[in-house]
Amino acid sequence: MPLKFHPEPGTILVCDFTGLREPEMTKTRPVVVISPRLKRRNDLLAIVPLSTTPPRAVTSYQCELTLDPPLPRPFDSPSMWVKADMIYTVAFHRLELIRTERDHTGKRKYLTRRIPDNDLRRVRHCVLAGLGWPAHGLIDKMGANARYSAPALP
């Protein structure tokens, strides 16, 4: 069921990347929300994909997240790798909460999961590295859930 609300940054969701082509993401996978709700940007948010497969060589735009407990199947790995070089802005219709089991009436149950603030801070460092920007100190000064205001143009 498509998402109907803007989740908080750090929320883990499932994104359907169907319709994109390689080397873009092309399958359904877990993602982390990295953007807060923005004015006049209804039904869109920025995410970074997660992978259960470790990278061949770890770079500054990747980091490992330990999930305790792990997500439900098929994403039930105790660790996930952030692919912060692959930032996406997606519409809510591509996103849904993580499905779990069904209740006694057969109704689907969903999991709402958020990574800790220190992990969100690490993810944002990786995002900046994936954009080629130095992250040293910037996010630490802002805090994990801070909103950045760009300086006014002259």
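The values are calculated or read from the model by the stated rules, or taken from the named source; none is laboratory data. None of the values given here were measured: they were computed from a predicted structure. Cβ sites come from the backbone with ideal geometry, for glycine too, and all protein chains shown count toward neighbours.
Are any of the residues in region 108-118 free of Cβ contacts under 8 Å to residues at least 12 places away in the same chain and surrounded by fewer than 13 Cβ atoms within 10 Å (Cβ to Cβ)? Yes, region 108-118 has at least one match.
Within region 25-34, the residues that satisfy the criterion of being hydrophobic (A, V, I, L, M, F, W, C), outside any loop (DSSP other than H, G, I, E, B) and either within 15 Å of His93 (Cα to Cα) or modelled with pLDDT under 95 (or both) are Val31, Val33. Here is the figure for region 71-96: residues that are of a type outside the set (D, E, K, R) and within 12 Å of the chain's Cα centre (by Cα) total 10. From the list Ser60, Ser51, the one residue that fits, being more than 16 Å from the chain's Cα centre (by Cα) and of a type in the set (Ser, Thr, Tyr), is Ser60. Go through region 23-32 residue by residue and tally those that are out of contact with any Asp or Glu (no Cβ under 7 Å at 6 or more places or on another chain) and surrounded by 14 or more Cβ atoms within 10 Å (Cβ to Cβ). Residues flagged as out of contact with any Asp or Glu (no Cβ under 7 Å at 6 or more places or on another chain) and surrounded by 14 or more Cβ atoms within 10 Å (Cβ to Cβ) within region 23-32 amount to 5.
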